[in-house]
Amino acid sequence: MKQIIYRLGKVLLVLLPVAAALGITIYLVTHKPGPSQKPATEAVQTLRVIPAPVVDLIPRAEGYGVAEPVRVWEAVSEVRGRVITTHPNLQTGQLIKKDSLLVHIDPTEYRLTKARLEAAIAETRAKIAELDQNEANTRQMVAIETQSLALSQKMLERKQQVVSRNAVSRDEVDREEKNFLAQKQALQHLKNTLALIPSQRKALGAALDLNQASLKQAQIDLEKTQIHAPFDCRLADVNIEPDQFVGAGQALFKAHGIDATQINARFRMETLRHLLGTQFETQLLGPGMDTDIFRQLFGNITAKVTLQNTDWSVTWEARVDRLKESVASGTREIQVMAVVDRSYEDAIPGQRPPLMPGMFCHVALTAPPRPGQVVLPRTAVHDRAVYLVGTDNRLEKKPVTVGFAQSEFVIIASGLSGKERVVVSDPAFAIVGMKVQPVMDEALLERLKHLARAKGITP
């Protein structure tokens, strides 16, 4: 019995501390104070904003194209012969001044032809002079023979009157009649000679005209033995050497005029429509389009051509010269020919290159300013609406109508009056009505104004 009580006491010594610890734990848990309650606060999101600027917009259209010369001269030999002289700079890429002698073909054959024709002309003129003199002499002889014939006729008549009185013999009358007929025949021969003179003169005149025409052709051929530059140019594709024999019609070289360079720039039709207005399609692309309409539409349009490189860019003033006769297939773009005059004059070796054929250029067309236009960055418009920050700094969403897009911005046709605080941050997590902490993006605002005014823009 004592042993059982002893073992029970040991068990109680183990269980009593455990039960006490469990009781204390339950007490602490049930009497622990709850978490302290803090007052609820509204979340605020920081967003970049700009006041919607109202500017004098410069409408602008941008396109790209390859430069090509306005004038291309392909030198072709018009005569045959051996090349005896060439210009010392007759090499691909060399600049040549106007009227410079580039190729001289041996003129000996053409000089001989010219001399032969000059001699033939002199001979024909001598024959004409001889014919004139013969005509004058023949006319004098006709006058004399006419008088002689009249005298012979009178003599015959007198003898015929007295033959009946046996004053003269019949044989003498016959001889006188024979003399009269001979005199008449001689006179007729002279008249026939005179009648042939006009046809002879005509034949000699035709021969003279033929020789003179041949002489002119010979002179032209002689001049064609020298090939001169028709304008200031740059040589390309030279295929000629001294002492080479060339045939008529053989291509010698090509040359590009340096007085003007054109860029066949392509523009989307809608960009030109925004630049020129709705009259672009009704007038310029209509069946009645002519030069006057083209000048009326593009008369106030200015153009600039820019060659952009990694480290530098070069810009030239240009003019809109014409439109290509067709729309580019596939892209349906309008091809505008912009011309840069005297692009070589401002060239500086190593610093500013000339506008050369083959360069891929950016072409910008600008129209007169349109005042009072509201512009925004393209990224500020979301599904025909913009986010605004109201007077109480809460986010609002307002529908707008976009007139057209240009560069990095859009023109708002309706929905904004200007100066509204427009959100330019990405509002992906924004909720209409939420509290906003607006931060003014001055750099973006200034860039937007510069873009709208076409200042400081690089392609």
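The values are calculated or read from the model by the stated rules, or taken from the named source; none is laboratory data. Keep in mind it's a predicted model, so treat the numbers as computed, not measured. Cβ sites come from the backbone with ideal geometry, for glycine too, and all protein chains shown count toward neighbours. Side chains are part of the model used for accessible areas, which takes the heavy atoms of the whole protein and leaves out ligands, DNA and RNA. Shrake-Rupley method; radii C 1.70, N 1.55, O 1.52, S 1.80 Å.
Solvent-accessible area of E123, all protein chains in place: 100 Å² (probe radius 1.4 Å, heavy atoms, ligands and nucleic acids excluded).
When each of the peptides 179-186, 342-349, 299-306 is scored by the mean number of other C-beta atoms lying within 10 Å of its residues, the order from highest to lowest reads 299-306, 179-186, 342-349.
If a spin label sat at a point 7 angstrom from the Cα of D383 along the line to its beta carbon, the backbone N atoms of region 389-413 nearer than 18 Å would be those of 395-402. Looking at region 308-449, the accessible area is 54 square angstrom per residue; that uses a 1.4 Å probe and ignores ligands, DNA and RNA. Probing with 1.4 Å while keeping every protein chain in the model, the per residue accessible area of region 106-198 equals 70 Å².
Between L208, L181, L156, the Cα set farthest toward the positive side of the dipole of region 148-224 (charges on each charged residue's Cβ, about the Cα centre) is that of L156. Spacing of the modelled spin labels on N309 and D392, each 7 Å from Cα toward Cβ, amounts to 6.0 nm. Looking at this model, which pairs from K254/K324; K202/K224; K127/K184; K159/K184; K254/K304; K97/K216 are more than 26 angstrom apart at the alpha-carbon? Violating the 26 Å Cα-Cα cut-off are K202/K224; K127/K184; K254/K304; K97/K216. Take the Cα of V402, step 7 Å toward its Cβ, do the same at Q133, and the gap between the two points is 9.8 nm. Straight-line cross-link reach from K449 at under 19 Å between alpha-carbon atoms covers these aspartates and glutamates, not counting any fewer than eight positions away in the same chain: D56, E62, E408, E420, D441.
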